[in-house]
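The values are calculated or read from the model by the stated rules, or taken from the named source; none is laboratory data. Since the structure is predicted, the reported quantities are computational estimates derived from the model, not experimental observations. Cβ placement follows ideal geometry from the backbone for every residue including glycine, while neighbour counts extend to all protein chains displayed.
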Amino acid sequence: MSKINGNHYICGKWIDDAPNGVTDSLNPATGEVVGQAPNGSKALAVQAITAAREAFESTNWSSDPRLRAKVLLEFADRIAARKGEIARLMAVENGKIISQALHEVEAGVSEARYYAGLARNIFGRTLETGPGKMSLLTREASGVVSVYVPWNAPVTLLVRSVAPALAAGCTVVIKPAPQTPLTNAAVIACFDEISTLPKGVINSINDFDIEVGEELSTNIEVDVVSFTGSSKVGKIIMSNAANTIKRLSLELGGKSPALVFADADIDKAVAEIKRGSITLNGQMCTAINRVLIQASIYDVVVSRLKNAYERTKIANPLSAGVELGPLVDRANQQRILEVIERASDEYDIVLKGGAPEGNLASGSFVTPSIFKVDNASSWLPQEELFGPILSVERFEGEPEAIAAANATRYGLAASVYTRNIDLSMRVSRKLKFGTVWLNCHNRLFAEGETGGYRESGTGRLHGVEALDNFLETKHVYFETNA
């Protein structure tokens, strides 16, 4: 793959201004430079926000749902036509294995098409409060939206926020993650080729330090902030947005437990837990980090998990049959290696991972680890790690399992494994998580809302409710002369 550039995009034009220099985009599997992206600035962020505001106020974008639907459908078609190219670029930029990258692009296509349909189905209502007294309640676009896109799913998590914002009639300024500016530019290029899209509706500014991100969360012309990322940064954005009372959509960190009951299909549970814990090499907010196992099957499940992890195929993400690629960069590799060493000193080791040698040594690879935990309040089951590390915990009965699963401040996703439908319904009702999967994990799709409880965020993305993040309700009241 030849080196490419990930430029800014403002008001229908590609901008290569680099007031803060350029950043190399590195292939985490090899350490090679894939391309470069100019670093942004506050001034460029303001320019993009101004373009978005002008497009919102001066074009018919917010009042023409058929145009919005047409643009989203054309955008979906253009991404679909470039699926292989975009997926390959993603794999070499963030280390996602190619099968998962292809699935992510397909999910982005589905998301765009879903919201194209909803763009033409935004309804208000009327009511009569007395003779001749009428109320008209309309749903109107909120205005300018800033969208923060993380590096771990740079296509799906961009479209997941941008598509409902556009469907609602908003205009958008995107801040891609510094690790994936080239993938972002490839997606923005699909918008750029749509002749009917008014200039300024879509804008994108690369970050530099915190300069761009801070402007997008404090500028008075930004009405809504849609952020996906860590709880730590989400709290900063919430604080930044407070001065101008912006609306917030925050999907934040997670510490997803898998609860395995004695009557579970163990083969299926182990397969789902392995897949759900090493998706994007464990760098996913919904990835399984904790496995809570009923005492009577604890030893069997732990042994099966160890065997499954030991058979994991680790290779370059473009390789056939690969299951685990590199972490996103060397810094995260070093961080996870330090976590493994710390955990090895404090917990019983089931399987100790590390940095592989040989032809993988040039990349930021880390092999999987499993540790036994007997205290749910200790640091390993509490901290979001973002790597291929599992803690396994024993429980006796249903109340203990629920209490242990809920014993963190995170509440994004969980899964429950049992053949007993009554048990699964009881447990899922009591788990304080925005999504609970039964006998599977990480089933995500455009039609079904996702989001977090507690420190895992606020608001919902996917589904019809995602539109609520980007719509205001206006009450127009009038009285007749009758």
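Which of the residues spanning the range 187-208 are part of a helix (DSSP H, G or I) and within 18 Å of the chain's Cα centre (by Cα)?
Hits for the range 187-208 are Val187, Ile188.
Quick check: anything in the range 119-126 of a type in the set (Phe, Trp, Tyr) and free of Cβ contacts under 8 Å to residues at least 60 places away in the same chain?
Yes, the range 119-126 contains at least one residue that is of a type in the set (Phe, Trp, Tyr) and free of Cβ contacts under 8 Å to residues at least 60 places away in the same chain.
Mind checking whether some residue in the range 304-311 is crowded, with 18+ Cβ neighbours inside 10 Å and within 24 Å of the chain's Cα centre (by Cα)?
no
Please specify each residue of the range 57-105 satisfying the condition of being under 16 Å from the mean Cα position of the chain (by Cα), part of a helix (DSSP H, G or I) and in contact (Cβ under 8 Å) with a residue 40 or more places away in the chain.
Met90, Asn94, Gln100, Ala101, Glu104, Val105
In the range 191-236, which residues are in contact with a helix residue (DSSP H, G or I) (Cβ under 7 Å, 6 or more places away or on another chain), hydroxyl-bearing (Ser, Thr, Tyr) and over 25 Å from Pro19 (Cα atoms)?
Matches in the range 191-236: Thr196, Ser226, Thr228.
Consider Asp17 against the criteria (1) in contact with a His (Cβ under 9 Å, 6 or more places away or on another chain); (2) in contact (Cβ under 8 Å) with a residue 40 or more places away in the chain; (3) of a type in the set (Asp, Glu): it satisfies all of them except one. Which criterion is unmet?
Single failed check for Asp17: (2).
Please count how many residues of the range 321-353 are part of a loop (DSSP other than H, G, I, E, B) and either of a type in the set (Ser, Thr, Tyr) or surrounded by 15 or more Cβ atoms within 10 Å (Cβ to Cβ) (or both).
Looking only at that region, the number is 9.
Sort through Thr50, Thr23, Thr30 and tell me the only one that's in the same structural domain as Ala91 (by TED's automatic domain parsing), hydroxyl-bearing (Ser, Thr, Tyr) and assigned to a loop (DSSP other than H, G, I, E, B).
When all the criteria are applied, what remains is Thr30.
Name every residue in the range 466-482 that is under 22 Å from Gly169 (Cβ atoms) and in a strand (DSSP E or B), in order of residue number.
Across the range 466-482, the qualifying residues are Leu471, Glu472, Thr473, Lys474, His475, Val476.
Criterion first (buried (at least 18 other Cβ atoms within 10 Å of the Cβ), modelled with pLDDT of 95 or more and either in a helix (DSSP H, G or I) or of a type in the set (Ser, Thr, Tyr) (or both)) does Ile370 satisfy it?
no
Suppose the filter is closer than 19 Å to Arg160 by Cβ, of a type in the set (A, V, I, L, M, F, W, C) and in contact (Cβ under 8 Å) with a residue 60 or more places away in the chain; does Leu390 pass it?
Answer is no for this residue.
Going through the range 22-41 one residue at a time, which ones are touching a residue at least 40 places away in the same chain (Cβ under 8 Å), surrounded by fewer than 17 Cβ atoms within 10 Å (Cβ to Cβ) and either closer than 19 Å to Glu214 by Cα or within 24 Å of the chain's Cα centre (by Cα) (or both)?
None; the set is empty.
What residue, among those in the range 275-320 that are of a type in the set (S, T, N, Q), part of a helix (DSSP H, G or I) and at pLDDT 95 or above, is nearest to Thr418 (Cα to Cα)?
By that ranking, first place goes to Ser296.
Filtering the range 242-268 down to residues that are part of a helix (DSSP H, G or I) and over 24 Å from the mean Cα position of the chain (by Cα), which residue is surrounded by the most Cβ atoms within 10 Å (Cβ to Cβ)?
Checking each candidate, the answer is Ile266.
Is there a residue being over 23 Å from Ala295 (Cβ atoms) and either surrounded by fewer than 15 Cβ atoms within 10 Å (Cβ to Cβ) or at pLDDT below 95 (or both) anywhere in the range 403-423?
Looking through the range 403-423, at least one residue is over 23 Å from Ala295 (Cβ atoms) and either surrounded by fewer than 15 Cβ atoms within 10 Å (Cβ to Cβ) or at pLDDT below 95 (or both).
Given the conditions (1) assigned to a loop (DSSP other than H, G, I, E, B); (2) under 30 Å from Arg330 (Cα atoms), and given that Cys440 satisfies all but one, which numbered condition is not satisfied?
(2)
Within the range 33-47, which residues are of a type in the set (A, V, I, L, M, F, W, C) and either within 13 Å of Asn206 (Cα to Cα) or in a helix (DSSP H, G or I) (or both)?
The answer is Ala37, Ala43, Leu44, Ala45, Val46.
Considering each residue of the range 382-418, count those that are assigned to a strand (DSSP E or B), touching a Lys or Arg at 6+ places or on another chain (Cβ under 9 Å) and of a type in the set (S, T, N, Q), and give that number.
Total satisfying the criteria: 1.
What's the total number of residues in the range 443-465 that are under 14 Å from the mean Cα position of the chain (by Cα) and either part of a loop (DSSP other than H, G, I, E, B) or crowded, with 19+ Cβ neighbours inside 10 Å (or both)?
Number satisfying all stated conditions: 14.
Within the range 138-172, which residues are assigned to a loop (DSSP other than H, G, I, E, B) and either charged (D, E, K, R) or under 17 Å from Glu472 (Cβ atoms) (or both)?
Passing the criteria: Ser142, Gly143, Gly169, Cys170.
Any residue at all in the range 301-308 that is in contact with a Leu (Cβ under 7 Å, 6 or more places away or on another chain) and hydroxyl-bearing (Ser, Thr, Tyr)?
no
Taking the condition of being surrounded by fewer than 18 Cβ atoms within 10 Å (Cβ to Cβ) and more than 10 Å from Ala116 (Cα to Cα), how many residues in the range 57-77 meet it?
Summing the residues that are surrounded by fewer than 18 Cβ atoms within 10 Å (Cβ to Cβ) and more than 10 Å from Ala116 (Cα to Cα) in the range 57-77 gives 7.
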